[in-house]
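Scroll down for the structure; my scribbles are underneath it.
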Amino acid sequence: MRSDIMNKTTFSAGAMLLACVLIVGSVTASFAASQDYEFQPVSADVKQGQGSPVSVRLIDKRTGKPVPDAVIFTTRMDMAPEGMEMMTTPVEAASSTEPGVYAFKSDFTMAGGWRFKLAAKVQGEPDTVEGEVVLKAAP
């Protein structure tokens, strides 16, 4: 009878330990998720002027592969690399045919460095993916 009680106690403790490990493991994975992605410029050189095309690639750093079907919901283009963060220009979404590449148009009114900040939702990830790329506008 005593060994029967010990087996039930051991089983209950083991089940509790397994549940804790699973909960902690899933929480750890969700905190690290947004850090597993990176925005990269397809080309860091852009043409100064109106309606200049800009393309960025969203990469899963764990696999090195592009991430298709992300929803980009925040963009900001400014001249922070030149010390003029308040100098902004609108960004307009454009179409892209390459999976994992997101295209935009922007008016680069001045030559020089531009910072492109983005935020996206990736399917299956609870956290927002944020990043920035630096571009160089030239005439």
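The values are calculated or read from the model by the stated rules, or taken from the named source; none is laboratory data. All of these numbers come straight from a predicted model, not from anything done at the bench. Neighbour counts are summed over all protein chains in view; Cβ atoms, including those assigned to glycine, are modelled from backbone coordinates with ideal geometry. Areas reflect the complete protein model, heavy atoms only, side chains present, ligands, DNA and RNA absent. Shrake-Rupley method; radii C 1.70, N 1.55, O 1.52, S 1.80 Å.
The number of residues in region 130-139 being buried (at least 16 other Cβ atoms within 10 Å of the Cβ) and either modelled with pLDDT under 95 or over 10 Å from the mean Cα position of the chain (by Cα) (or both) comes to 4.
When ASP127 is tested against (1) surrounded by 15 or more Cβ atoms within 10 Å (Cβ to Cβ); (2) not in a loop (DSSP other than H, G, I, E, B), just one condition goes unmet, and that condition is (2).
Would you pick out the residues in region 83-122 that are in a strand (DSSP E or B), loosely packed, with under 13 Cβ neighbours inside 10 Å and among the acidic types (Asp, Glu)?
Initially, region 83-122 is screened for residues in a strand (DSSP E or B), giving 84-89, 91-94, 101-108, 112-121.
Restricting the remaining residues to those that are loosely packed, with under 13 Cβ neighbours inside 10 Å gives 85-86, 92-93.
Hits for region 83-122 are GLU85, GLU92.
When the residues of region 57-67 are filtered to those that are more than 16 Å from PRO41 (Cβ to Cβ) and not basic (Lys, Arg), the one that is least open to solvent (accessible area, probe 1.4 Å) is ASP60. Filtering region 40-51 to residues that are open to solvent by 60 Å² or more (accessible area, probe 1.4 Å), assigned to a strand (DSSP E or B) and more than 10 Å from SER106 (Cβ to Cβ) leaves GLN40, ASP45, LYS47. Restricting attention to region 41-99, the residues that are more than 12 Å from LEU135 (Cα to Cα) and acidic (Asp, Glu) add up to 5. If you check VAL71, VAL54 for being surrounded by 14 or more Cβ atoms within 10 Å (Cβ to Cβ) and of a type outside the set (Asp, Glu), only one passes: VAL54.
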